[in-house]
1. On a 30 Å Cα-Cα criterion, which of the cross-link pairs K129/K222; K129/K159; K196/K222; K74/K134; K159/K196; K134/K196 come out too long?
2. Please list, ordered by chain and number, the residues whose modelled amide H lies under 5 Å from the amide H of M219; skip anything fewer than 5 residues away on the same chain.
3. How much accessible area per residue does the stretch 183-239 have, counting only protein heavy atoms and a probe of 1.4 Å, in square angstrom?
4. Ignoring any ligand, DNA or RNA, what whole percent of the accessible area of the stretch 18-62 comes from carbon and sulfur when the probe is 1.4 angstrom?
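The values are calculated or read from the model by the stated rules, or taken from the named source; none is laboratory data. Everything quoted here is computed from the prediction, not taken from an experiment. Accessible surface areas use protein heavy atoms only, side chains included; no ligands, DNA or RNA. Shrake-Rupley method; radii C 1.70, N 1.55, O 1.52, S 1.80 Å.
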Amino acid sequence: MRYLVILAALIGLSFSLYGAEVPVLHISDTINPGTGDYIISAIEAAESAQAPHLILELDTPGGLLSTTRQVVQKMLNSDVPIVVLVGPRGAHAGSAGALITFAADIAAMTPGTNIGAAHPVTPGEQPDKVMAAKMANDTAAFAESIAKTRGRNTEWAAKAVKESASISAEEALKQGVIDLVVEDLPTLQARLAGYKLKAPKGQLTALPTEAVTYRDRPMTLKHRAVSFFANPNLAYLIMSLGALCLWLELSHPGLILPGVVGLLCILVSLVSFQLLPISYGALALILVGFALIVAELFLPTFGVLGVGGILAFIVGSLFLMDTQSPHFQISLALILPTAAVLASAAAFISYSILKAQRKKNASGLEAMVGEYGEVREAISQTQGMVFVQGELWNAVTAEGEIPKGAIVVVKEVRGMQLLVSPQGHTPA
């Protein structure tokens with residue numbers, strides 16, 4: 001019995017030394033609703049598990065300010081110390097990434113990385129000077145507040161926003177923007193035991209000295225899917241494909257497959273747009289553009305509605321994303337080819353419909369118009385017989401009598417009687 005107690009004590013001791021797990025996150029993407037929820041949910045899980053700390057390896061060009069504020073708020077209010085490493089070599093923490101790094105309890109960078117350039121940017125139509133100054137000042141105040149909370153260089157934090165300043169890892173350490181420069185993630189992990197925090201984390205003033213186990217926490221399928229569909233260019237392409245398929249179904253009813261694919265694409269694009277800061281006015285303009293293009297198929301406007309629809313589609317596409325981040329804007333190099341494809345498809349379908357309307361019927365009685373036949377019984381204005389398409393038909397003519405053996409052409413079908421004319425003649 002005594003040996004069992006000793007064994008249990010040893011097992012308990014081993015769990016106390018090595019049972020604590022530290023989650024390690026890896027971000028190499030924009031800060032979007034998918035990556036943001038990945039970070040927030042990981043922090044919540046770490047809090048529930050009472051993890052000693054959490055490590056976030058970060059490489060991002062920036063992202064949505066709204067998502068960044070949510071992540072930063074969670075980091076500042078978490079009971080678990082958050083360690084951010086800008087890495088691996090060649091990575092950078094730009095824009096939103098810089099703000100997240102400022103919010104870390106311990107901020108580290110690897111050599112060959114950089115941080116900064118957090119000035120809010122609005123592609124397309126630029127705001128007036130007053131609005132631009134408001135946005136810059138608000139973001140700068142946010143950066144300063146975060147840096148002050150974590151005991152970092154508030155002056156440089158504001159400079160990163162107002163002047164788009166960006167510095168290397170070594171310079172960031174020198175200016176008090178970060179706490180450590182390490183070679184890689186394992187080196188950082190080795191240095192964290194007992195590391196003293198610049199700003200207390202509740203009752204904590206330093207990380208625990210006990211041994212811990214580091215475990216990667218990869219993005220779930222849900223987070224990967226949300227991040228994937230939060231790509232504005234992808235959402236735009238899916239919407240355009242859906243509209244094109246629905247348009248094809250409307251112009252050729254009964255095909256079924258284009259209608260099903262189009263409906264699915266439209267639904268997926270709507271889900272994607274809910275993840276993005278869209279301008280509903282621009283989206284309405286795009287939908288009006290599609291409606292005008294469809295209307296062109298049914299109304300004889302000689303291209304007026306089609307051209308107007310394409311212009312509305314292009315203008316709406318340019319201003320669809322209502323955000324300061326260039327990483328969430330739709331590329332002009334994508335908008336123009338998509339508009340060209342839609343215009344070409346509209347022209348092709350309109351031409352096909354017009355051609356089909358003018359084409360001679362290939363079946364039924366109407367298909368006999370224009371066919372040639374041989375007179376088997378002299379044809380007058382009241383009676384006669386003609387052999388057409390392997391059958392004998394009653395026939396009359398609006399011209400003089402046509403003798404037996406002559407070749408005639410069918411001009412009209414009147415019930416079960418044909419109106420014919422001699423070859424090369426037109427009935428009066």
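1. Values: K129/K222 40 Å; K129/K159 18 Å; K196/K222 36 Å; K74/K134 25 Å; K159/K196 27 Å; K134/K196 37 Å.
K129/K222; K196/K222; K134/K196, as the Cα separations exceed 30 Å there.
2. Here the answer is none, since no amide H 5 or more places off falls under 5 Å of that of M219.
3. 61 Å²
4. Working: 650 of 1410 Å².
Carbon with sulfur: 46 percent of the solvent-accessible area.
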